[in-house]
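Colleague: Sharing a structure, written as structure tokens. Questions coming.
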Amino acid sequence: MGRRRASDLFVECLEAEGVKYVFGIPGEETLDLNQSLANSSVSFVPVRHEQGGAYMADMYGRLTGRAGVCLGTLGPGAMNLVTAIGDAFLDRAPLVALTGQADLERMHKESHQFIDLVELFRPITKWNARVTSPDIVPEVVRKAFKVAESEKPGATHLELPEDVMAADVDAIPLPRRRPVKPEPAARELLKAADLIRNAINPVCLAGNGAVRAGAAPALREFCRATGIAVAETFMGKGLLDYTDPKALGTVGLQARDYAMAGFEDADVVIACGYDLVEHAPKHWNPRRDKKIVVVDSEPAEIDAYFTPEVELVGDIYHVIARLAEECRDVPHSGGSPRLRDVVLGRLREARHDEHFPMQPPRVLWEIRQALGREDILISDVGLHKLWIGRMFPAHEPNTVMIANGLAGMGFAVPCAVAAKLVHPDRRVVTVNGDGGILMNFQELETATRLGTAFVNVVWENRQYGSIVWKQDKKFGEHFGVDFTNPDFVRLAESFGMPAWRCGAPEDFGRHLRHALTLDRPSLIVVPIDYSIDVAIAHELGAETVTNT
């Protein structure tokens, strides 16, 4: 069958894992790998910055549960992947990063573009390795995918030295296996059910893990069967339809969120797929007086304010479904609708808001009106993210995508490219600040080339808004946060994209509805007025979120 290089075997292993796309930028040290990709069923998607490619892999992993794959060459190419790999690591998105590397015999000395990438990537990956021999390719690829996709998922990395990839090899890929899911002991399950049945004011806090596990249907049935209300983290949006009377809304922005959602009076909290990286437990268990039942895919992290009475470790969908059976028909009155009523009331009022520049609630109301149940909003990072986390309501999980763990600016545009590749039939909107949008603006060329149609909404106020907000709160003034902007409409048009600037509040909804009918990417600039506090109401207390 002719000569087979290690790079050919490597790509055969990617095919065996079901990889559809590799996002990245080719390099001299990945010549063999790129040649092998060119002759395979895997699509190589050239991007305009490695960080953009890694964010695409990150979002692909979030939406599919299968590891997204990104590629950078050695040195600078690999280092440009770092931010998005850190994002996948902290937000639990399965991702496999591939980087080129110099020949093995150069690694012991100073050498052009050589950086020890295995060391560099170690703190932001679950596992990583240097491929030192062609014979280990089937094992390292299988392990990279297994570790990335197993709970809790995250990033892995393989470093591919140039001479190893070019070497002859005689091996075949290992078969792909589904990750193992443990099951909690019956005794633990009954203990948890007992605690829940005997609770006076139980409440459920659902997060990222429940979304990843596809556990929304089970959680909705649990909620219906037990009458227990559910609050969601920023990452857990849509686990309950926001119109469900038992949906307490999104918590995790202000000190008083939890009290207004009924956590202050709760005696039992069911933490379902909740990661501590989403919001520290001391905000909802400050007196350490709550009995906590953890339902998660892994044993709980240690925290002084988070000492569970019982941990149910396993497939979250399965465990919640079994708890619903055990706890059925015990009437519960925990949770309070106050937070949800304040937030949704403010959103509803905003539809008549004639302020210009526009205020965030009106913009979010218009986006919610224009999008269907399954359509996707992707938030970049900035003050608009806090508004979206606070106020944008979701019908279904994985329809409001937020960078929460690492929370790096520049997330939204590349992630939208991947979202459209995964769900070409859904409409996708990004919301960006004028600070974050320029961080990966270049990927709009990738979007135009691929024909991934999504609408980019840019909130323009010529400041790093969330830092202005925090400085004003802390010092009564702000500094070092002002900048000017290019003409975003002309900049977008130079990429071959239609673009508009809103000159009045009614322009936005009109432009958005039109843009959503187009079969190509577009951009809308909205002058924004951030003078109203994202807290919305004084009763919500001081902000506690440290991520901007």
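The values are calculated or read from the model by the stated rules, or taken from the named source; none is laboratory data. Not measured: the values here are computed from a predicted model. So basically every Cβ, Gly included, is an ideal-geometry build from the backbone, and we count neighbours across all protein chains shown.
Colleague: Restricting the search to segment 103-138, which residues are crowded, with 20+ Cβ neighbours inside 10 Å, more than 28 Å from the chain's Cα centre (by Cα) and of a type in the set (A, V, I, L, M, F, W, C)?
Modeller: Val131, Val137
Colleague: Count, please, the residues in segment 471-488 that happen to be of a type in the set (D, E, K, R) and either touching a residue at least 60 places away in the same chain (Cβ under 8 Å) or in contact with a Phe, Trp or Tyr (Cβ under 6 Å, 6 or more places away or on another chain) (or both).
Modeller: Within segment 471-488, residues that are of a type in the set (D, E, K, R) and either touching a residue at least 60 places away in the same chain (Cβ under 8 Å) or in contact with a Phe, Trp or Tyr (Cβ under 6 Å, 6 or more places away or on another chain) (or both) number 1.
Colleague: Does segment 314-326 contain at least one residue that is crowded, with 21+ Cβ neighbours inside 10 Å and modelled with pLDDT under 95?
Modeller: Scanning segment 314-326, I find no residue that is crowded, with 21+ Cβ neighbours inside 10 Å and modelled with pLDDT under 95, so the answer is no.
Colleague: Among the candidates Val147, Val140, which residue alone is among the aliphatic types (A, V, I, L, M), touching a Gly at 6+ places or on another chain (Cβ under 9 Å) and free of Cβ contacts under 8 Å to residues at least 24 places away in the same chain?
Modeller: Testing whether each residue is among the aliphatic types (A, V, I, L, M), touching a Gly at 6+ places or on another chain (Cβ under 9 Å) and free of Cβ contacts under 8 Å to residues at least 24 places away in the same chain leaves just Val147.
Colleague: Hey, does segment 237-248 have a residue that's among the aromatic types (Phe, Trp, Tyr) and either on the phi > 0 side of the Ramachandran plot or crowded, with 23+ Cβ neighbours inside 10 Å (or both)?
Modeller: no
Colleague: Looking at Leu516, Leu444, Leu450, which one is more than 19 Å from Ala57 (Cβ to Cβ) and in contact with a Leu (Cβ under 9 Å, 6 or more places away or on another chain)?
Modeller: Leu516
Colleague: Given the conditions (1) surrounded by fewer than 16 Cβ atoms within 10 Å (Cβ to Cβ); (2) in contact with a strand residue (DSSP E or B) (Cβ under 6 Å, 6 or more places away or on another chain), report the number of the one that Pro179 does not fulfil.
Modeller: Against the list (1) surrounded by fewer than 16 Cβ atoms within 10 Å (Cβ to Cβ); (2) in contact with a strand residue (DSSP E or B) (Cβ under 6 Å, 6 or more places away or on another chain), Pro179 comes up short only on (2).
Colleague: What's the number of the only condition in (1) touching a helix residue (DSSP H, G or I) at 6+ places or on another chain (Cβ under 6 Å); (2) part of a helix (DSSP H, G or I); (3) over 30 Å from Arg373 (Cα atoms) that His478 fails to meet?
Modeller: (2)
Colleague: If only one of Pro357, Pro397, Pro361, Pro393 is closer than 30 Å to Val45 by Cα and either outside the structural domain of Pro521 (by TED's automatic domain parsing) or at pLDDT 95 or above (or both), which one is it?
Modeller: That would be Pro397, the only listed residue that is closer than 30 Å to Val45 by Cα and either outside the structural domain of Pro521 (by TED's automatic domain parsing) or at pLDDT 95 or above (or both).
Colleague: When you scan segment 301-309, do you find a residue that is surrounded by 21 or more Cβ atoms within 10 Å (Cβ to Cβ) and under 23 Å from the mean Cα position of the chain (by Cα), even just one?
Modeller: no
Colleague: When you scan segment 338-346, do you find a residue that is under 17 Å from Val400 (Cβ atoms), without any contact (Cβ under 8 Å) to a residue 60 or more places away in the chain and out of contact with any Phe, Trp or Tyr (no Cβ under 7 Å at 6 or more places or on another chain), even just one?
Modeller: The answer is no; no qualifying residue exists.
Colleague: Here's another thing I want to ask about it. If a residue has to be of a type in the set (Lys, Arg) and either without any contact (Cβ under 8 Å) to a residue 40 or more places away in the chain or in the same structural domain as Val19 (by TED's automatic domain parsing) (or both) to count, how many in segment 163-186 make the cut?
Modeller: Selection size over segment 163-186: 2.
Colleague: Among the residues of segment 10-24, which ones are surrounded by fewer than 22 Cβ atoms within 10 Å (Cβ to Cβ) and of a type in the set (A, V, I, L, M, F, W, C)?
Modeller: Ala16
Colleague: Do we have any residue at all in segment 78-87 that's among the acidic types (Asp, Glu), farther than 20 Å from Ser150 by Cβ and not in a loop (DSSP other than H, G, I, E, B)?
Modeller: So far as segment 78-87 goes, no, none of its residues is among the acidic types (Asp, Glu), farther than 20 Å from Ser150 by Cβ and not in a loop (DSSP other than H, G, I, E, B).
Colleague: If we scan segment 59-68, do we find a residue that is in a helix (DSSP H, G or I), in contact with a helix residue (DSSP H, G or I) (Cβ under 7 Å, 6 or more places away or on another chain) and surrounded by fewer than 24 Cβ atoms within 10 Å (Cβ to Cβ)?
Modeller: Yes, that holds for at least one residue.
Colleague: Okay, next question. Only residues that are part of a helix (DSSP H, G or I), out of contact with any Ser or Thr (no Cβ under 7 Å at 6 or more places or on another chain) and crowded, with 19+ Cβ neighbours inside 10 Å: list them for segment 31-51, please.
Modeller: Answer for segment 31-51, where residues must be part of a helix (DSSP H, G or I), out of contact with any Ser or Thr (no Cβ under 7 Å at 6 or more places or on another chain) and crowded, with 19+ Cβ neighbours inside 10 Å: Asn34, Leu37, Glu50.
Colleague: For Glu221, state whether it is modelled with pLDDT of 95 or more, farther than 27 Å from Phe145 by Cα and surrounded by fewer than 24 Cβ atoms within 10 Å (Cβ to Cβ).
Modeller: Yes: the conditions hold for Glu221.
Colleague: Take Lys291 and decide whether it is within 16 Å of Pro202 (Cα to Cα) and either out of contact with any Phe, Trp or Tyr (no Cβ under 7 Å at 6 or more places or on another chain) or without any contact (Cβ under 8 Å) to a residue 40 or more places away in the chain (or both).
Modeller: Against the criterion (within 16 Å of Pro202 (Cα to Cα) and either out of contact with any Phe, Trp or Tyr (no Cβ under 7 Å at 6 or more places or on another chain) or without any contact (Cβ under 8 Å) to a residue 40 or more places away in the chain (or both)), Lys291 qualifies.
Colleague: Would you mind finding the one in Asp289, Asp303, Asp275 that is outside the structural domain of Gly154 (by TED's automatic domain parsing), of a type in the set (Asp, Glu), touching an Asp or Glu at 6+ places or on another chain (Cβ under 9 Å) and closer than 26 Å to Pro182 by Cβ?
Modeller: Residue meeting the stated conditions: Asp275.
Colleague: On to the next question. Within segment 263-280, how many residues turn out to be farther than 20 Å from Asn198 by Cβ and at pLDDT 95 or above?
Modeller: Result for segment 263-280: 2.
Colleague: Of all residues in segment 74-111, which are at pLDDT 95 or above and hydroxyl-bearing (Ser, Thr, Tyr)?
Modeller: Thr83, Thr99
Colleague: I need a count of the residues in segment 386-407 that are in contact with a Phe, Trp or Tyr (Cβ under 8 Å, 6 or more places away or on another chain) and not aliphatic (A, V, I, L, M).
Modeller: Final tally of qualifying residues: 5.
Colleague: While we're looking at this one, here's another question. So if I check each of Asp507, Asp472, which one is surrounded by fewer than 19 Cβ atoms within 10 Å (Cβ to Cβ), in a helix (DSSP H, G or I), more than 28 Å from the chain's Cα centre (by Cα) and modelled with pLDDT under 95?
Modeller: Criteria check complete, one pass: Asp472.
Colleague: Consider segment 98-118. How many of its residues are closer than 21 Å to Arg142 by Cα and assigned to a helix (DSSP H, G or I)?
Modeller: 2
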